[in-house]
Amino acid sequence: MKKIFIVLSALLATTAFAAKGPIHKSTRALGMGNAHIAVVDDKEAIYYNYAGLNQINRLGNYDMRPRMGYYPDNYLDMRLNIGSAGGFDKFMDAYKTSSHFVKLYNRANKAAKANDLNTADVFLDSLAARPDLADELNSFDHNAINSLVKLDAELAFHNFGGAFWAEGHANPYIDGGLLIPMAGIDTFYVDAVAQLGGAYGLTDNFMVGAGFKIVNRNEMRPLLVGIENYKSVKDTLSDRFADEISFTDIAYGMDFGILWQATRVIRIGASARNVFFNELNGKVITPNIGVGIDYSPLFFNRNTAYARKMNIAMDYDDILDDEKNYKPLSHLNFGLEFEQVLLAWPGYENTYRVLKLRLAGGFKGGYPTAGVGLEVLRFAELEFVTWADEEGYYTGDKENRYYMLQVSFGM
């Protein structure tokens, strides 16, 4: 036991100053709390556990896997996804605060002109009479509005899957200083990832998988814009962007996973993602190691024309993340999803589904998540999901909430 403790301590020490690797934003997984290591029954296996690729064309296929024949079939998963997310609540707070101050400034400006006074003096006197607005402005100082955009191209079938995906992240903010208002961008980076891998069933119920990925991350240093430097920043921003956003620094990594179908309705999985990484933009990458369990009640799963599926899952994820080691609940993800074909073409079994609905909910690191997806003619799908990341010092301290809308095309 002492030797194990020494090895783990050394491993954690080496990752103390490491960075996060590329993390794909899956609307399906995030809707159910990002608990997906043991679910992985479609293209999401590429991102969470490659061993799950072995399940494609086995679920819902009585010939290949009689025990799992009650699932909706999924012989091929090919999608193009376009999505965008942001902190809608923070945006509304910013809009509300700015509206208050614009109205106050307009009244001050009107009173100053009527009495031949300085607008700034009248505005400050008006603000002094409204301490609630001053508190509102102070609370909004450096409150970043998080946003991201994503594009995925994915292909998965039995024992094989690959994807190219790109995600851009930006954190613009406003410092509402009374004398010199400032605006800026805390972080800006783009991850471009190409990955592929495969799976193999060692037995009918035990699967292994592995994959390889190529990553390019481009970052821009924090940018601050004020009244005094607005012109110079405007003149040089394009040059700075060209210098810092260049696709020259390539990193390589691998993912591994195992999956065990313990019973007809219970799967257990484990995965190690972003391992054997060389440095990404000069930073060491912390591997993402996690374990999970999935329960699929037999009553809620069928592969008739009106296919139905339900998953209840729990993961203990990102075990080596030193930022979470003192708050274990931040590692815990839990969720469930319910999928139902609402309209199918008469006479065909699950091949020509017309309308499918997916509902999901859960908790990711202690914060609630929810998702809804509507698929039409097995070709187009519209999904909405919300989740939150921890921003504070302990689980539940301060959430950084996202709201994402995604459109998908494929089959």
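Observations, loosely collected:
- Annotation: of all residues in the stretch 344-360 being crowded, with 17+ Cβ neighbours inside 10 Å and not hydrophobic (A, V, I, L, M, F, W, C), the one that is modelled with the highest pLDDT is R358.
- Members of the stretch 310-320 found to be at pLDDT 85 or above and of a type in the set (A, V, I, L, M, F, W, C), listed by number: M310, I312, A313, M314, I319
- Inclusion of E323 among residues that are of a type in the set (D, E) and modelled with pLDDT of 90 or more is not warranted.
Every residue, every condition in (1) surrounded by 23 or more Cβ atoms within 10 Å (Cβ to Cβ); (2) among the hydroxyl-bearing types (S, T, Y); (3) at pLDDT 65 or above, yes or no:
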| residue | (1), (2), (3) |
| --- | --- |
| T15 | no, yes, no |
| K25 | no, no, yes |
| N34 | yes, no, yes |
| L53 | yes, no, yes |
| R58 | yes, no, yes |
| Y62 | no, yes, yes |
| Y71 | no, yes, yes |
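- For the stretch 284-309, a tally of residues being modelled with pLDDT of 95 or more and of a type outside the set (G, A, S) returns 4.
- Residue within the stretch 42-50 that is farther than 30 Å from N205 by Cα, buried (at least 18 other Cβ atoms within 10 Å of the Cβ) and at pLDDT 75 or above present: no
- Only listed residue being surrounded by 17 or more Cβ atoms within 10 Å (Cβ to Cβ) and modelled with pLDDT under 85, chosen from F334, F277, F363: F277
- Residues within the stretch 303-318 that are of a type outside the set (A, V, I, L, M), closer than 13 Å to I268 by Cβ and touching a residue at least 60 places away in the same chain (Cβ under 8 Å), tallied: 1
- Test result for L137, modelled with pLDDT under 65, more than 30 Å from F256 (Cα to Cα) and either among the hydrophobic types (A, V, I, L, M, F, W, C) or in a loop (DSSP other than H, G, I, E, B) (or both): yes
- Residue check: V341 meets all listed conditions (1) at pLDDT 85 or above; (2) more than 21 Å from the chain's Cα centre (by Cα); (3) surrounded by fewer than 18 Cβ atoms within 10 Å (Cβ to Cβ) but one, namely (3).
- Summed over the stretch 366-378, the residues that are modelled with pLDDT under 95 and aliphatic (A, V, I, L, M) give a count of 2.
- Taking the numbered list (1) surrounded by 14 or more Cβ atoms within 10 Å (Cβ to Cβ); (2) at pLDDT below 90 in turn, D243 passes all entries but (1).
The values are calculated or read from the model by the stated rules, or taken from the named source; none is laboratory data. The structure displayed is predicted, hence computed values, not measured ones. Neighbour counts run over all protein chains shown; Cβ positions are idealised from the backbone, glycine included.
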